[in-house]
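Colleague: Can you read through this structure? Questions will come right after.
The values are calculated or read from the model by the stated rules, or taken from the named source; none is laboratory data. A quick note: this is a predicted structure, and the numbers were derived from the prediction, not measured. Positions of Cβ are generated from backbone atoms using ideal geometry, with glycine treated the same way; all protein chains shown enter the neighbour counts. When the accessible area is computed, the model is the full protein with side chains, heavy atoms only, and any ligands, DNA or RNA have been set aside. Shrake-Rupley method; radii C 1.70, N 1.55, O 1.52, S 1.80 Å.
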Amino acid sequence: MDVSGPSEFALIERLRAALPKHAANGLVVGIGDDAAAWRSPAYTLATTDTMVAGVHFLPGRVSWRDAGWKALAANISDIAAMGGTPAFALVTLCLPPDTPVEAVDELYAGLIECAGVYGVTIAGGDIVTAPVFGITIALTGEAAVAADGSPLLLRREAARAGDAIAVTGPLGGSAGGLRALLDDAPLTPDIAWLIERHMRPRPRVDAGQAAIAAGVRCGIDISDGLVQDLGHVCAASGVDAELWLPSVPAPPELSACFPDDAINMATGGGEDYELLLVAPEAALAHASDLLGTPLTRIGRVLEGAGRVRALDAGGGEMQIELAGWDHLTQGRR
């Protein structure tokens, strides 16, 4: 049966029945009314993101369950990049009439699985018919609060000359997974790991919260590519950055499968959803201690006006072939 069979309201009821039965703290009204309602005394964070079939994932080559996970994880990463805690999600589905109902079930199973891992409540949404599948999620979160009552946030505009630049984990795995899917690469253990990185990213909520607790105040998630996202920080803060290419961590699976392109994937591939943190060395060291895992130093902040210089082992400037993702210039630049 496809989604043209049941009515819109029958499909909504089917999806509501799949959600956990208990209500989250603060949820007053969930799915079934004109709007969801919840109570939150904290500073609220809000983000939204869309995934479209053929643009953000490859239907037929990846599972609907993985697509559901990734759709929510991308939004959770935005909350993590602010140092916050994710809370409530609203989900809008754009469904072609021939979409199998079982595909929607699987999509929601992935959403629910990701929501359970990160403590998110799916509180409502919408369903519309469309010529191509798409899913839009609006997600709220809560910011930590200082003793004086002000919000504690990671901001792009908070980098200062002399700060160190660090990342929370290996980069380029998602780009490698996408390349493997596009190339129909044989499913070796290394390839399977890369595809998992592409379709099942793990937002670093833990790292964002550790950074806030350690006094770090500048951060961004690596969604569009390391060089491009570091460039966003530089532009917002009015500084330059040196990026030390030999220090950029690429996973061994990526280097094993794509040795010639590993560094370009790690610096420009995007969708890794690790965090880029910028702060004095002492604050980064404290964050690492709180997190219980090391952060990788990959560069430093300089006086300037928004430029990123990628340097090789000898200090020479290198050109990055993949500069990042931009939807309005048709993808990779």
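Colleague: Would you mind telling me the share, in percent, of accessible area of segment 38-180 contributed by carbon and sulfur at probe 1.4 angstrom?
Modeller: Result for segment 38-180: 55 percent of the exposed heavy-atom area is carbon or sulfur.
Colleague: Using a simple spin-label model with points 7 Å from Cα along the Cα→Cβ vector, what separation in nm is obtained for ARG61 and THR293?
Modeller: 2.7
Colleague: Can you tell me the Rg and Dmax of segment 121-223, counting just the alpha carbons, in angstroms?
Modeller: Expressed in Å, the Cα Rg and Dmax of segment 121-223 come to 18.6, 56.
Colleague: Quickly work out the SER150-to-ASP184 label distance, labels modelled 7 Å from Cα along the C-beta direction, and quote it in nm with one decimal.
Modeller: Placing both labels 7 Å along Cα→Cβ, they lie 5.8 nm apart.
Colleague: How large is the accessible surface of ARG61 in square angstrom, using a 1.4 angstrom probe and rounding to the nearest 10?
Modeller: ARG61 exposes around 110 Å² with every protein chain in place.
Colleague: Could you work out the helix-only [θ] at 222 nm for the chain, with each DSSP H run of four or more residues adding -39,500 (n - 2.57) and the total divided by the number of residues, to the nearest 500 deg cm²/dmol?
Modeller: -10500 deg cm²/dmol
Colleague: Next up: Give me the accessible area of GLU303, 1.4 Å probe, in Å² rounded to the nearest 10.
Modeller: Answer for GLU303: close to 150 Å² accessible.
Colleague: For GLY125, list long-range residues whose amide hydrogen, built 1.01 Å from N in the peptide plane, is under 5 Å from its own amide hydrogen.
Modeller: Result for GLY125 returns VAL91.
Colleague: With label points built 7 Å along Cα→Cβ from the Cα atoms of VAL117 and ARG309, find their separation and express it in nm.
Modeller: 3.9
Colleague: Taking the alpha carbon gyration tensor of segment 21-180, what are the square roots of 5 times its eigenvalues, largest first, to the nearest whole Å?
Modeller: Result for segment 21-180: semi-axes of 29, 24, 12 Å.
Colleague: Provide, for q = 0.10, 0.14 Å⁻¹, the log10 of I(q)/I(0) from a solvent-free Debye sum over equal Cα point scatterers in the chain.
Modeller: These q points yield log10 I(q)/I(0) values of -0.61, -1.12.
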